[in-house]
Amino acid sequence: MRFVKVQTFDQWRTEARRLLLSDVPPEQVAWMADDEQLSLFDSHGDAELPVTQAAFTVPKAFLELAKIIACHRIGTRWSLLYRTLWRLMHGERHLLQITTDQDVDALMSMRKAVTRDVHKMKAFVRFRKVIDSDGREVYVAWHRPDHRIVRLAAPFFSRRFSGMNWSILTPDESVTWDQTSLQYGPGVPVSDAPDDDALEELWKTYYASIFNPARVKVDTMKREMPVRHWPTLPETSLIADLLHTAPERVAAMVDQNEGFAETAMHYMPERIDLESLRAAVVDCQACDLHQHATQPVFGEGPPDARIVLVGEQPGDREDLDGRPFVGPAGKLLDEALSQAGIRRGDVYLTNVVKHFKFTEPPTSRGKRRLHQKPNAREVFACRPWLEAELMLIQPIAILCLGATPSQALFGRDFQVSKHRGEIRATDWCDRTMATWHPAAILRMPDQHRRTEMQQQLVADLTRIHPTRPPT
Ligand code: SF4
């Protein structure tokens, strides 16, 4: 038996390559947890190994997956990765596609746990301003993730807060951004995290301003903001006060007709899964669109879909049927999916806005109601439904169809005509792309241009499809 001790993904990759080149099977390797000690009689991983195998190439999809699994805290991660790698290199090239395989199933569960933890970190990290010894402002946050995810999450913060100097401290590892590069260091106990400061006050002000006492759901707050994170969130110290004064504040809101920017967050169910969300959206009144539409149209597709397609809002047909993409635009999308070799049943289809916004047609135009673009307030109000869908599904690829979903995910300045087909990382997925909405293609009067846009839609669907292990 060979005993191998590794701590990082890079170390595991080096050792795994060495073992594979020497044809050492998984059952002859003991991957040791970080704190395990070798006994005097154990053979050591550093010993010379004869190279008996030819050089090999590891599928990129596996390497991407392995980087995520390496962040999981479970001690068996290295042995599971090596066993999977061994199988991939010994005649099971399509192993990762066999979701019923025990090892693959374990890997997928671990990936889900890690990526979920990354999303939580993005949502719950709060920076506090401190002045460093050179008099510069530095923003510091302390966070306790479930897994070792600092290196997975740090690039998101460097993009989001590129113009600030900041540090995120966790018990495992710390990361610092100096507006140029990310530097990693040792973990930091909570006692070293900075305390009260101006930024904290800012957060408190912000939180108080969006807090709608008419809709307080303590259980929901606890679920969305797990209690173990509460000590590091400045706004939580306000919750008791805000709850205490809720009745007076509700009365004041009613008296003054105060326009709190309500969002669908207030209609979230106690249990967060796709079925509960689908049931809860029926009661949503976070904006006026529910008043005239027939019904909300929630997303549709497998809960573990690898691709999510996001449109703008349901159309006339969808509003009547209660299903997304079943009208003329849906037919065009079906054709494009089929040409791209993607089964509609494998993707999750949804919209940024769940209720149909329309005007009645002039009498000369028949009965079909005319689509109206949702405004920023309606998109903002409806966004929590989409975010909950994306958080649950955790797709490998997202394709935004048209301007509204693209601007919701990439930012308000995003232009589909300029950036269509570019794959970018967003808060929700590293592979996010914008393309034409099928309805925009249908509306294009110029036949030549219409054909071109249709071909581009097919090409974008083909490109955004998550990489499969090579055949
Ligand atoms: Fe709620 Fe969205 Fe419907 Fe507005 S459009 S009522 S936010 S579900």
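A few notes on this one:
- For 105, 132, the ranking by accessible surface with the largest value first comes to 105, 132, using a 1.4 Å probe.
- Direction-averaged projected area, Cα convex hull, region 60-143: 7.8 nm², rounded to one decimal.
- Per-residue HN-Hα couplings for region 277-294 [Karplus 6.51, -1.76, 1.60; θ = phi - 60°; Hz; x = Gly/Pro]: 5, 4, 6, 6, 5, 4, 8, 5, 9, 5, 9, 6, 5, 5, 5, 10, 6, 5
- Separation of the residue 10 and residue 271 label points, Cα + 7 Å toward Cβ, nm: 4.5 nm
- Mean projection area, nm², convex hull over Cα of region 329-389: 5.9 nm²
- Evaluating 6.51 cos²θ - 1.76 cosθ + 1.60 at θ = phi - 60° for every residue in region 59-75, the Karplus couplings come out as x, 4, 4, 5, 4, 4, 5, 4, 4, 6, 4, 4, 7, 5, 7, 5, x Hz, glycine and proline recorded as x.
- All-pairs alpha carbon distance profile, region 300-411, 5 Å steps from 0, percent: 2, 12, 21, 24, 20, 12, 6, 2, 1, 0
- Residue 5 long-range amide H proximity, modeled H, under 5 Å: 32, 45
- Amide H contacts of residue 394 (H built 1.01 Å from N, under 5 Å, at least 5 apart or other chain): none
- Less than 5 angstrom separates the built amide H of residue 144 from none of the residues sequence-distant by 5 or more or on a different chain.
- Modelled FRET efficiency - R0 45 Å, residue 1 with residue 144, Cβ distances, 0.05 increments: 0.80
- Taking all protein chains together and a 1.4 Å probe, the residues 78, 177 rank 177, 78 from largest to smallest accessible area.
- Accessible area ranking (1.4 Å probe, heavy atoms, ligands and nucleic acids excluded), largest first, for 5, 354, 122: 5, 122, 354.
- Maximal additional length on extending the residue 450-residue 346 stretch stands at 34.8 nm, based on 0.36 nm per residue less the C-alpha distance.
- Modelled this way, with points 7 Å down the Cα-to-C-beta line, the labels at residue 94 and residue 338 are 2.3 nm from one another.
- Evaluating 6.51 cos²θ - 1.76 cosθ + 1.60 at θ = phi - 60° for every residue in region 297-306, the Karplus couplings come out as 10, 8, x, 9, x, x, x, 10, 4, 8 Hz, glycine and proline recorded as x.
- Relative to the current alpha-carbon distance between residue 63 and residue 462, full extension at 0.36 nm per residue lengthens the span by 141.5 nm.
- Computed in the context of the full set of protein chains, the accessible area of region 350-454 at 1.4 Å probe radius has 51% of its extent on carbon or sulfur.
- Computed over region 120-187, Kirkwood Rh from alpha-carbon pairs, angstrom: 12.0 Å
The values are calculated or read from the model by the stated rules, or taken from the named source; none is laboratory data. Computed from a predicted structure; not experimentally measured. Neighbour counts run over all protein chains shown; Cβ positions are idealised from the backbone, glycine included. Ligands, DNA and RNA are excluded from the accessible area calculation, which covers all protein heavy atoms including side chains. Shrake-Rupley method; radii C 1.70, N 1.55, O 1.52, S 1.80 Å.
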